[in-house]
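Only one structure is covered here, and it is reproduced in the block below.
No value in this document is a laboratory result; all are computed from the given coordinates. Keep in mind it's a predicted model, so treat the numbers as computed, not measured. With ideal geometry, Cβ positions are generated from the backbone for all residues, glycine too; neighbour counts draw on all protein chains shown.
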């Protein structure tokens, strides 16, 4: 039997390959480098690797030539398993920027007195002598950096996947490291391990739904490639029950990753229990990757069946916005508040997802759904990274002071920090002159163009509800007297300070001058088939 070697376009895949190489080298560092030097080596390797991958992503984007009047749609690579087009490459750039910010948060040592926020010995049970000895010796789990790189590699492959099998592999590669990272908090170990277990168990169930959906869609179309599935859908061949069941199962797996209701139950517990650097990265980057995959799957593969899946997504978008906004009103923990805020933002993103009546409507010109969603995830990612970075520096004797009552008087204790956090909250609320306002305008405009005005009405109402709990926290910081000693702000190193500065500046710039980025997305937000 003759074997034909697959053709791999290594130059076009260089961003993914660089990240995978860094992850593998990071594993080797754990085996070969003395413990005392691992932190410096791992941090340097991760930063250099992410920057190199980011430069490679810009080079590949340049080959599409997005600034020309007729940019190239993209490339199908790795035997058509991956599609490198405008949405994919833009998602790569955003994910890598967020990954670089995530590495800086992971590397922060000053907040914990010279060690990172991760457990010194993850295998030791909370409260045992082994854990106390690990803390006393200042041990650190530098394995978190290669785990982060493996998660980033999965996130890069996720929005680029052009067949169902690749999509599933990317989903698992990005998920498994996050399950581990969520259980590695240095403080509140039991809460952290509970978060990891909940995330893993519910994630395993969602993966089961996803695999079952793959089987049903394969039974319907006879193929796992998106273009062949699209052809089967447009020609109406196969059992409609298989198609509807497959789309529903696949949607469950993807909606779980974005934290949409009713698949959101893991989000508050995991966001609260995970180490705050992990929460920040997971909240920001996972949404970029998951919505990139969601757009490609349902616009490219299932675009011909839009009248079948759109009503369901209408209901899910409304439910997600209501659940996230209403349940956030009763939260007293800042991390849980931001978790329910994340759920609400997933609903707003789904509003933009409803914007196209057909794939042919995604043209260069007016605001289109791909353009709107990609802009929104950019603004949300930068704002969220900075917000969680600020959460990590407000502390008391037992670690992070996440109870909202402990934030009373923060405006007097640290006006600059509280002012930055207030600005980020206003950005999440969608107040004008912030990136959140432009993002919401974009997704609402895209949905209105497709006639989804009932969903937009609900979105506007829920935006008003969300503004209330954001403003409530601002009132606590600036207009409420502290109880007892009040909050304590630990001055972070340049690492965390850089994340706060970049996120805050991005929220401001994309709110005041959003035009260049929207124009760029308008030229590149087209899928290759």
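When all alpha-carbon pairs of the stretch 271-350 are counted, what percent fall beyond 23 Å?
Percentage above 23 Å: 31.
For the listed peptides 451-459, 508-516, 50-58, a ranking on the average number of other beta carbons within 10 Å per residue, highest first, reads 50-58, 451-459, 508-516. Three principal axis extents describe the C-alpha atoms of the stretch 322-478; from largest down they are 58, 26, 24 Å. Taking each residue as 0.36 nm, the span from residue 457 to residue 431 lengthens on full extension beyond its C-alpha to C-alpha distance by 7.6 nm. Per-residue ellipticity at 222 nm computed for the chain from its helices equals -23000 deg cm²/dmol, with DSSP H segments shorter than 4 residues left out and the rest contributing -39,500 (n - 2.57). Rg over Rh for the stretch 124-279 works out to 1.11, both radii taken from alpha-carbon positions and Rh defined as the Kirkwood radius. Evaluated over the Cα positions of the stretch 1-106, the convex hull gives a direction-averaged projected area, one quarter of its surface, of 9.2 nm².
Just the C-alpha atoms of the stretch 445-529: what Rg/Rh do they give, with Rh taken as the Kirkwood radius?
1.12
Taking every C-alpha pair closer than 8 Å and separated by at least 6 residues, the mean separation divided by the residue count of the stretch 1-114 gives a relative contact order of 28 percent. Inverting the pair-averaged 1/r between distinct Cα atoms of the stretch 56-115 gives 13.7 Å as its Kirkwood hydrodynamic radius. Modelled this way, with points 7 Å down the Cα-to-C-beta line, the labels at residue 59 and residue 24 are 1.9 nm from one another.
Specify the inter-centroid distance of the stretch 168-192 and the stretch 1-62, based on alpha-carbon positions, in whole Å. Rounded to whole Å, the Cα centres lie 21 Å apart.
Evaluate the relative contact order of the stretch 14-524 (contact order divided by residue number), counting alpha-carbon pairs under 8 angstrom at least 6 apart; express in whole percent.
The value is 15 percent.
Among 147-156, 333-342, the peptide with the highest mean count of other Cβ atoms within 10 Å heads the list, and the full ranking is 147-156, 333-342.
Projected onto its three principal axes, the C-alpha set of the stretch 189-318 covers 54, 24, 22 Å, listed from the longest axis down.
Taking all pairs of distinct Cα atoms, average 1/r, flip it, and tell me the Kirkwood hydrodynamic radius of the chain in Å to one decimal place.
Here the Kirkwood hydrodynamic radius works out to 23.3 Å.
The label point for residue 33 and the one for residue 110, both projected 7 Å from the Cα toward the Cβ, are 2.2 nm apart.
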